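Worksheet: the structure to be examined is printed underneath.
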Amino acid sequence: MKKVVLAYSGGLDTSIIIPWLKENYGYEVIAVAADVGQGEELAPLKEKAIKTGASKIYIEDLKEEFVTDYIYPTLKAGAVYEGKYLLGTSFARPLIAKRLVEIAQVEGAEAIAHGCTGKGNDQVRFELTIKALAPEMKIIAPWRIWEIKSREEEIEYAKARNIPVPVTKERPYSMDRNLWHLSHEGADLEDPANEYQDEMLMMITPPEKAPDKPTYVEIEFKEGIPVAVDGQELKPVQLIEKLNELAGANGVGIADMVENRLVGMKSRGVYETPGGTVLYKAHQQLEEITLDRMTLHYKALLAQRYAELVYDGVWFHPLREALDAFVNVTQKTVTGTVRMKLYKGNCLPAGTKAPYSLYNEDLATFSADEVYNQKDAEGFINLFGLPLKVQALMKKQAGLK
């Protein structure tokens, strides 16, 4: 019997995909559940997957790899999609798809299946990764080909095959959670005129309800990578969890935006990224005093392109790897400690110390100094402004306005 590897979450969609694959393709189905810090207990999925018809299930802990190989490179690049989105779902998908490919190759499977819909970005992210790492692998996306069109039809399909339908207190939103963030889409958010409701938030305290006193936190970086919080060295996963807790309690990290999806439509989403917001702002603060003007400005241009690559699911592309090489060179001096003030949704810098700081108080001071000769500025301005002066003289001589 030929095999297919299925990206499995245990929800209604992937539960009915298991029998659907067996009925329509005659496949042996191998389920793969990835733990990227979604906070759910995955152990019960083993029994559920087997009962639903899978021959085997892999439950993979990918949290450490998620932080070190996906979150940190994107953080160092300063990549933010459309000025707000810190890419929480975007860079989790290539990691999961990479593991699907590895397991499919070990199992000798001829295909990989996923439960993404035909409207979203995730189908692209999964499939581009599979194409990049296993170009010969067949890809099956049931939502694009089966006759099922609604949740009600899914439930009917499940009941007809004695598949237990999860009975949960369902939230009205489409959500994706991992160690880095929690996204909310759908329901009342589909109308951009609606303000999001505080009850929707799960990682972050509504800013109005956050403590009336600020919380200060110090983050230490080494070559662009956060390594300690408040003087305590932490492993990557622990560090993110710690900052999620601190920032979330202070209402920090809510992004409400209408974004441009890769598949052509605009979509409104609310993202909770507490720890990530603090890390981005602290990292930016440290770069301000450790990178020179030309490098800082050029890096900002590349950060936008990096964000687009990640959002579009083109993680395994030579351009992203080339940009990483550039970023890593810029981060050699991005070492130091940044103090941040967290208060009712605000995340403000409160002091930066860096051994490779380019900030020179003797040069910048408004007090008397013996370092900077102010007379030198005249020659600089004359040369820097020479093209403007020549153009103005030409216009005058030619009678142009």
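The values are calculated or read from the model by the stated rules, or taken from the named source; none is laboratory data. Source: prediction; values computed, not measured. Please note: Cβ atoms are built from the backbone with ideal geometry, for glycine as well, and neighbour counts cover all protein chains shown. Accessible surface areas use protein heavy atoms only, side chains included; no ligands, DNA or RNA. Shrake-Rupley method; radii C 1.70, N 1.55, O 1.52, S 1.80 Å.
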From the set of residues in the range 240-259 that are free of Cβ contacts under 8 Å to residues at least 40 places away in the same chain and closer than 20 Å to Tyr70 by Cβ, which is surrounded by the most Cβ atoms within 10 Å (Cβ to Cβ)?
-> Leu243
Which one of Glu127, Glu156 is over 16 Å from Arg93 (Cβ atoms), out of contact with any Ser or Thr (no Cβ under 9 Å at 6 or more places or on another chain) and assigned to a helix (DSSP H, G or I)?
-> Glu156
Within the range 168-223, tally of residues that are within 30 Å of Thr333 (Cβ to Cβ), out of contact with any helix residue (DSSP H, G or I) (no Cβ under 7 Å at 6 or more places or on another chain) and assigned to a loop (DSSP other than H, G, I, E, B) = 1
Strands (runs of 3 or more DSSP E) contained entirely in the range 1-78, each with at least 2 residues that are closer than 26 Å to Arg151 by Cα, in contact with an Asp or Glu (Cβ under 7 Å, 6 or more places away or on another chain) and open to solvent by 10 Å² or more (accessible area, probe 1.4 Å) | 28-35
Report whether or not Thr330 is in contact with an Asp or Glu (Cβ under 7 Å, 6 or more places away or on another chain) and at pLDDT 95 or above.
-> no
Scan the range 86-128 for residues that are aromatic (Phe, Trp, Tyr) and open to solvent by less than 10 Å² (accessible area, probe 1.4 Å) and jot them down.
-> Phe91
In the range 310-322, how many residues are outside any helix (DSSP H, G or I) and of a type outside the set (A, V, I, L, M)?
-> 5
From the option list Leu291, Leu279, Leu286, Leu323, single residue qualifying as under 21 Å from Ala350 (Cβ atoms), out of contact with any strand residue (DSSP E or B) (no Cβ under 9 Å at 6 or more places or on another chain) and of a type outside the set (Ser, Thr, Tyr) is Leu291
Looking only at the range 280-309, count how many residues are in a helix (DSSP H, G or I), among the aliphatic types (A, V, I, L, M), farther than 14 Å from Lys84 by Cα and open to solvent by less than 20 Å² (accessible area, probe 1.4 Å).
-> 3
Just give me the residues in the range 99-126 being within 21 Å of the chain's Cα centre (by Cα) and closer than 12 Å to Lys138 by Cα, in sequence order.
-> His114
Conditions (1) more than 30 Å from Val229 (Cβ to Cβ); (2) modelled with pLDDT under 95; (3) not polar (S, T, N, Q) -> Leu319 fails only (2)
Residues (crowded, with 18+ Cβ neighbours inside 10 Å, more than 16 Å from Gly11 (Cβ to Cβ) and either in contact with a His (Cβ under 9 Å, 6 or more places away or on another chain) or of a type outside the set (A, V, I, L, M, F, W, C) (or both)) located in the range 147-184 | His181, His184
Residue within the range 129-146 that is touching a residue at least 40 places away in the same chain (Cβ under 8 Å), farther than 27 Å from Tyr85 by Cα and surrounded by 18 or more Cβ atoms within 10 Å (Cβ to Cβ) present | yes
Helices (runs of 4 or more DSSP H) wholly inside the range 331-401 containing at least 2 residues that are of a type in the set (Phe, Trp, Tyr) and either free of Cβ contacts under 8 Å to residues at least 60 places away in the same chain or surrounded by 11 or more Cβ atoms within 10 Å (Cβ to Cβ) (or both) = 376-384
Go through the range 210-239 and give me each residue that's surrounded by fewer than 21 Cβ atoms within 10 Å (Cβ to Cβ) and either on the phi > 0 side of the Ramachandran plot or modelled with pLDDT under 95 (or both).
-> Glu223, Asp230, Gly231
List pairs: first in the range 50-77 and over 21 Å from Leu286 (Cβ atoms), second of a type in the set (Ser, Thr, Tyr) and open to solvent by less than 30 Å² (accessible area, probe 1.4 Å), Cβ under 7 Å, 6+ apart or cross-chain?
-> Thr52/Ser15; Ile57/Tyr8
